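What follows is one structure encoded as structure tokens, with my remarks underneath.
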Amino acid sequence: WYHIAKCIRDLADKPHLIGSTFWNFIDFISTYRTPLFVLLLPYIECKYLRKNFENGIEKAYQLRIQEKLNGCGLPFNRSKGNLYVSLVNEMKSLREDIIRRKNNPNIDERSKSIVQEQNSASDRMENSGH
């Protein structure tokens, strides 16, 4: 558990590698209170919840995690086996996202430019009367 917690803390110091998958993982930890929750709680409270995020997705995750730390929106208990399977799946998706971001560091910028290109193309279509 300590090694995983250290990896998560180290990962958080590299903002170019984290995305919505990372926030989903932190939300999972805050929701189901695995042993990682105990190790990461001080870090979550100091590092994530006190930071001002400009991104709407990160801000939404921040508010949701804050509510869960206050005890709101927690689900019913799950069996340990089911919980560990879910934790492993979350960690796999986080790992895949990190590898994808390492191999392609401009992935967020590309998706923004694609959306901007699509929006400008639709604006041109509307302005030309088609």
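Key figures
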| read-out | value |
| --- | --- |
| Candidates per GluC sites (Glu not before Pro) in region 5-81, loop by DSSP, up to 11 other Cβ within 10 Å | Glu54 |
| Long pairs among Lys68/Lys92; Lys47/Lys80; Lys6/Lys68; Lys14/Lys102; Lys14/Lys47, criterion Cα-Cα beyond 20 Å | Lys68/Lys92; Lys47/Lys80; Lys6/Lys68 |
| From phi via Karplus (6.51, -1.76, 1.60), per-residue ³J(HN,Hα) for region 5-10 in Hz, x at Gly/Pro | 4, 5, 4, 5, 5, 5 |
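We did not get these values from a lab; they are worked out from the coordinates using the rules stated. None of these values were measured; they are calculated from a predicted model. Glycine gets a Cβ as well: all are built from the backbone with ideal geometry, and neighbour counts include every protein chain shown.
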